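Just below is one structure, and these are the notes that go with it.
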There are 2 protein chains.
Amino acid sequence: MSSASSTDSSQLNLQPNNDSANAVAKKLDADETAGQVIAPWRSPLARAIHRNRAQPFSRYFQLATVRPDGTPANRTVVFRGFWADSNQLMMIGDRRSEKIEQIAENPAAEACWYFAKTREQFRLCGQLTVVTADTAHTGLVDAHQRLWQQISDSARAQFCWPYPKAPRADDQDFSPPSPDEQMPPPQFCLLLLAVDSVDHLELRGEPQNRHLYTKTASSAQGNSQQWQVTAVNP
Amino acid sequence: MSSASSTDSSQLNLQPNNDSANAVAKKLDADETAGQVIAPWRSPLARAIHRNRAQPFSRYFQLATVRPDGTPANRTVVFRGFWADSNQLMMIGDRRSEKIEQIAENPAAEACWYFAKTREQFRLCGQLTVVTADTAHTGLVDAHQRLWQQISDSARAQFCWPYPKAPRADDQDFSPPSPDEQMPPPQFCLLLLAVDSVDHLELRGEPQNRHLYTKTASSAQGNSQQWQVTAVNP
């Protein structure tokens, strides 16, 4: 069995869960009205998610990382909301995938999120964290477990499929016994993207609008962030 | 004026040209029936382009490169067909953009192309070439000029907008005199992606289908390529 592996597919394959999508939208709205410390780019992003919600793929974005050989990797992933009260984006992944190896060596990432209906793009640049059941942070492990419980049966089943990117297994190997719905298997990971800068481009403006958001400071807790917003040429 | 710049927007903003899209589709078909040396991944890609043609954004993909500081960059670009009889994908770009700087230092790239209607993803990994009017290759300079002539007036106008990513200029600066329709300005670049490997994932399969295409050899002309195709686990 090759060590080469990738389950980007396991993320992409997950049918968007509309209940979860609505919950995220509500969460964003609640954050705004409650005046919590949310980054200023969260408001236009929440608006884009809301306005494009009729297109299920509007919750997919492309996540770029760097391979150990210095070349870029790029794959589609599913947005799973923000972690707790933070500004960190959640995704899920398979520990057996090349992506997880890449992140261990170089956690830098840029998400490119294009919204087709409203014709706008967010480029979210930052650092990735991989969370497993072994992560020494109660809040993160709770989020990891909750996400496992929230995803669909078919999404959970994919984590029990044969080793990703290995030579194609028999079809019967893709019908494993259903995994435990409560406790995630070791291969299930939560990915968090902590964002340092955002480049928001709106193609519908006249001529177009483009805003850069740059994090200028963080408190010791990493939660209280200061951001600089600049209008720039598209 | 800052040297920091990016006109990813100049690519993204271009309205897909349906005539050009049809021409590409016809070209692909012609290649197939004529039995030309086209890479085996061209056939499923042509099919995906054709089946998703009703969605204009199906001609957009996300292009990842690596910044000089080793972090990944990722932005949406517009597919402009294949260069001549080659398997190289064409895009356009602005010489003033950060992307062009990045490519000069590290030409490695991965395009992630997700087709929403048919639910399939192509990851195209390879090397980028930047073509300008100064490029010492008649065929490439011809393609560069032809592309300039083919794009829309509004697409051409963007190359005459104020410096990308500089502090927002006055609105009136975004209405420059129309550029020459025949001769591209120095800031207009043709980008070519020479593909080394392709990862094609079809989510609609049962369970799913995933194929890897790897280039195993090239002739001296670089045109006669040999490819290995492997079915792997999704």
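The values are calculated or read from the model by the stated rules, or taken from the named source; none is laboratory data. From a predicted model like this one, the values you see are computed outputs, not experimental measurements. Quick reminder, even Gly has a Cβ in these numbers, built from the backbone with ideal geometry, and neighbours come from all protein chains shown. Accessible surface areas use protein heavy atoms only, side chains included; no ligands, DNA or RNA. Shrake-Rupley method; radii C 1.70, N 1.55, O 1.52, S 1.80 Å.
Quick notes on this structure:
- Members of the range A:57-77 that become less accessible by 50 Å² or more once partner protein chains are added (1.4 angstrom probe, chain alone as reference): A:Phe57, A:Gln62, A:Pro72, A:Asn74
- Ascending list, in nanometres, of distances separating the A:Arg47 label from those of the other copies (7 Å, Cα toward Cβ): 4.2
- In this assembly, the A-B interface accounts for approximately 4700 Å² of buried accessible surface in total, computed with a 1.4 Å probe and without ligands, DNA or RNA.
- Rough spin-label spacing in nm, given labels placed 7 Å along Cα→Cβ, for B:Asp142 and A:Asp170: 5.6 nm
- Label reach from A:Ala104 (point 7 Å along Cα→C-beta): in the range A:130-145, amide nitrogens under 17 Å belong to A:130-136.
- When A:Pro185 is represented by a point 7 angstrom out along its Cα-to-C-beta vector, the spacings to that point in the other copies are 5.6 nm, nearest first.
- Scanning residues 5 or more positions from A:Ala108 or on other chains, those with amide H under 5 Å from its amide H are A:Leu128, with H placed 1.01 Å from N in the peptide plane.
- Figure note: B:Arg75, B:Arg146 ranked by solvent-accessible area, largest first, 1.4 Å probe, ligands and nucleic acids not counted: B:Arg146, B:Arg75.
- Gyration tensor (alpha-carbon) shape descriptor, the range A:55-167, a/c threshold 1.5: rounded
- Cα gyration tensor, the range B:111-234 - rounded (a/c under 1.5), prolate or oblate: oblate
- Once the Cβ-Cβ distance of A:Asp69 and A:Ser197 is raised to the sixth power relative to R0 = 35 Å, the FRET efficiency obtained is 0.85.
- Derived scalar couplings ³J(HN,Hα) [the range A:166-177; Karplus, 6.51 cos²θ - 1.76 cosθ + 1.60; whole Hz; x for Gly, Pro]: 6, x, 3, 7, 5, 4, 5, 6, 8, 10, x, x
- Inter-copy label distances for A:Ala116: 0.4 nm (label point placed 7 Å from Cα along Cα→Cβ; shortest first).
- Highest-first arrangement of B:66-73, B:226-233, A:193-200, B:176-183, where packing means the average Cβ count within 10 Å: A:193-200, B:66-73, B:226-233, B:176-183
- Whole-Hz couplings from phi, Karplus 6.51/-1.76/1.60, listed for the range A:79-87; x for Gly and Pro: 6, 10, x, 9, 6, 6, 9, 8, 9
- Above-threshold pairs, the threshold being 24 Å between Cα atoms, out of B:Lys117/B:Lys215; A:Lys99/B:Lys215; A:Lys117/A:Lys215: B:Lys117/B:Lys215; A:Lys117/A:Lys215
- Interface residues of the range B:193-219, defined as those losing at least 20 Å² of solvent-accessible heavy-atom surface relative to the isolated chain (probe radius 1.4 Å), are listed as B:Leu201, B:Leu203, B:Pro207, B:Gln208, B:Arg210, B:Leu212.
- Dipole in debye (nearest 20) - the range A:132-234, about Cα centre, beta carbon charges: Lys, Arg +1; Asp, Glu -1: 360 debye
- In the range B:82-234, a dipole from Cβ-located charges (positive for Lys and Arg, negative for Asp and Glu) runs towards its positive end, and of B:Asn87, B:Thr216, B:Pro162 it is B:Thr216 whose Cα lies farthest in that direction.
- Here each label is just a point 7 Å from Cα along the line to Cβ, and for B:Arg47 and A:Thr135 those points are 3.9 nm apart.
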